[in-house]
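First up is the structure itself, then whatever we jot down about it.
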Amino acid sequence: MNLSLKHLQAFTALCGTLNFTRAARLCHLSQPAFSALIQGLEEGVGVQLFERSTRSVQLTPAGKDFEPQAHRLLGEMDAALEKLRGVSTQQSKHVCIALLPSLAAHWLPTVLEAFAHQQPHIKVTVKDVLNAPCCEAVLNGQADLGLASALSSHPELQSHAVANEHFFIACHAKHRWATCAEAIEPSALINEPFIQMAPSTSVRQAVDQWAAQHLEAPLNQLMEVEQLATVMGMVRAGFGVSLIPALSLEYFQDPNIAICPLRGAPPQRTIYWVSSKHRQLSPAAKSFYSFASGSLESWLLNQHLSSALD
């Protein structure tokens with residue numbers, strides 16, 4: 001038989017009272033319903049647990065043997081349920097967000113400070129990772145939400161576009177473009193030593209796609225690096241120029257670096273909220289998403305981005 005919590009509660013209540021009326025009251029059942037529950041338990045286990053008479057109720061030897069086991073099972077079940085409630089409570093007070101390092105460094109700190117004042121009971125943990133690990137963290141349940149720069153094609157993930165992010169030229173402050181009053185022609189990049197990001201990065205993918213459409217010759221790649229911080233260091237040292245996304249502009253706030261716009265349509269990438277299709281957001285994750293979404297759109301627009309997408 002399928003031994004249920006109700007069976008155990010009814011059995012231990014009758015063991016304690018040896019009275020059907022009082023035991024039924026303890027279990028918040030009518031006496032007929034309680035009697036049927038005990039009878040069903042005995043029929044299910046195939047042995048009589050109680051001896052009944054018009055004057056008394058007594059445990060049978062089998063009932064006496066089962067009583068301590070029933071109390072133990074109830075105790076274990078109560079402990080398991082209490083632990084489960086604790087896990088549920090903890091999850092409802094915690095949210096993990098995975099996002100691009102540029103967002104983590106420049107947008108997120110102010111948001112976390114404001115969110116902590118509004119929701120002090122919710123703990124936020126952060127994974128500052130590149131695009132692919134960001135989506136993977138959400139897919140594997142390591143993060144509740146992600147902020148990525150490429151639309152995920154995984155069938156278990158859903159993405160919501162926030163805004164398109166435009167790219168700018170970064171060059172040394174003494175470069176001839178630094179004092180140019182007009183936007184730089186894309187073709188001018190062909191003859192410049194170019195600091196390029198690694199092929200696995202969304203920055204490189206956006207630049208390559210743009211270059212294939214707008215340049216008649218390949219970029220003059222001087223070196224290839226993994227991190228935008230390295231790009232910044234190389235540009236600051238005067239080794240070459242680079243194309244950087246608007247989210248990274250604050251990385252390049254340096255007196256030895258100039259930021260210049262491109263003429264025409266510059267490279268761009270889209271910022272997406274990423275979540276699981278099949279895993280419901282916890283109350284904490286919903287609270288953070290609601291709080292952060294408006295802030296993110298406003299901040300992106302202030303970083304010279306295009307209008308937010310529907």
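Can you tell me how region 93-146 classifies by the Cα gyration tensor, rounded, prolate or oblate, using a/c under 1.5 as the rounded cut?
Cα axes put region 93-146 in the oblate bin.
Could you tell me which label, among (i) 74, 48, 39; (ii) 107, 37, 33; (iii) 60, 49, 34, carries the value of Cα extents along the principal axes in Å calculated for this structure?
(ii)
Mind grabbing the accessible area of Glu224 for me, 1.4 Å probe, Å², rounded to tens?
90
Given the -39500 (n - 2.57) contribution per DSSP H run of 4+ residues, what per-residue ellipticity at 222 nm results for the chain, rounded to the nearest 500 deg cm²/dmol?
-14000 deg cm²/dmol
Between Ile259 and His160, what length comes free when the chain is fully extended (0.36 nm per residue of separation minus the Cα-Cα distance, one decimal in nm)?
32.7 nm is the gain from fully extending Ile259 to His160.
Go through Phe168, Phe115, Phe239 and list them by solvent-accessible area, largest first, probe radius 1.4 Å.
Solvent-accessible surface, decreasing: Phe239, Phe168, Phe115.
Mind grabbing the accessible area of Glu67 for me, 1.4 Å probe, Å², rounded to tens?
That residue has around 50 Å² of solvent-accessible surface.
In the full protein assembly as shown, how much of Trp273 is accessible to a 1.4 Å probe, in Å² to the nearest 10?
Accessible area, nearest 10 Å²: 10 Å².
Compute the signed sum of charges (Lys and Arg +1, Asp and Glu -1) over the other residues within less than 12 Å, Cβ to Cβ, of Val138.
0
To the nearest 10 degrees, how steep is helix 31-45 against the longest Cα principal axis of the chain, on a 0 to 90 scale?
Relative to the chain, helix 31-45 is tipped by roughly 80 degrees.
Could you order Ser295, Ser276 so the one with the most accessible surface comes first? Probe is 1.4 Å.
From most exposed to least exposed: Ser295, Ser276.
Can you give me the angle between helix 108-118 and the longest principal axis of the chain, using Cα atoms only, in degrees from 0 to 90, rounded to the nearest 10?
40
Please label the shape of region 149-206 as rounded, prolate or oblate, based on the square roots a ≥ b ≥ c of the eigenvalues of the alpha-carbon gyration tensor (a/c under 1.5 means rounded; beyond that, a/b larger than b/c means prolate, else oblate).
prolate
Angle, helix 61-92 long axis vs. longest principal axis of the chain, Cα atoms, 0 to 90°, nearest 10?
Approximately 20 degrees, to the nearest ten.
Starting from the 7 Å offset along Cα-to-Cβ, what nm value, one decimal, do you get for the label separation of Arg25 and Lys127?
Label-label distance for Arg25 and Lys127, simple model: 5.6 nm.
Provide the packing ranking of 190-200, 95-105, i.e. peptides ordered by the mean count of other C-beta atoms within 10 Å per residue, highest first.
95-105, 190-200
If the cut-off is a Cα-Cα distance under 30 Å, which lysines reach Lys64, setting aside same-chain residues fewer than 8 apart in sequence?
Lys6, Lys83
Using a cut-off of under 13 Å, list every residue of region 24-44 whose amide N is near the label point 7 Å from the Cα of Leu74 along the Cα-to-beta-carbon line.
24-28, by backbone N distance to the label point.
Summing Lys, Arg as +1 and Asp, Glu as -1, what charge do residues with Cβ under 14 Å from the Cβ of His94 carry, His94 excluded?
Value of the local net charge: +3.
Between Ile190 and Leu281, what length comes free when the chain is fully extended (0.36 nm per residue of separation minus the Cα-Cα distance, one decimal in nm)?
Between Ile190 and Leu281, full extension yields 28.1 nm more.
When the Debye formula is applied to the Cα atoms of region 183-310, each taken as the same point scatterer, what base-10 log of I(q)/I(0) results at q = 0.11, 0.13, 0.14, 0.16 Å⁻¹?
Rounded to two decimals, the profile gives -0.48, -0.64, -0.73, -0.89.
For region 22-162, I need the span (max minus min coordinate) of the C-alpha atoms along each principal axis, in Å, sorted largest to smallest.
Rounded to whole Å, the extents work out to 79, 36, 26 Å.
For Phe239, put the label point 7 Å out on the Cα→Cβ axis and report which residues of region 171-196 keep their amide N under 14 Å from it.
Residues 172, 193-196 qualify, since their backbone N sits under 14 Å from the label point.
For region 134-243, list log₁₀ I(q)/I(0) at each q in 0.16, 0.17, 0.21, 0.22 Å⁻¹, using the Debye formula over Cα point scatterers of equal strength and ignoring solvent, two decimals each.
For region 134-243, the Cα-only Debye profile gives -0.82, -0.89, -1.15, -1.22.
The values are calculated or read from the model by the stated rules, or taken from the named source; none is laboratory data. Everything numeric here is computed off the predicted structure, so don't read it as measured data. In this analysis, Cβ positions are derived from the backbone assuming ideal geometry, glycine residues included, and neighbour counts consider all displayed protein chains. Surface areas here come from the heavy atoms of the whole protein model, side chains and all, with no ligands, DNA or RNA. Shrake-Rupley method; radii C 1.70, N 1.55, O 1.52, S 1.80 Å.
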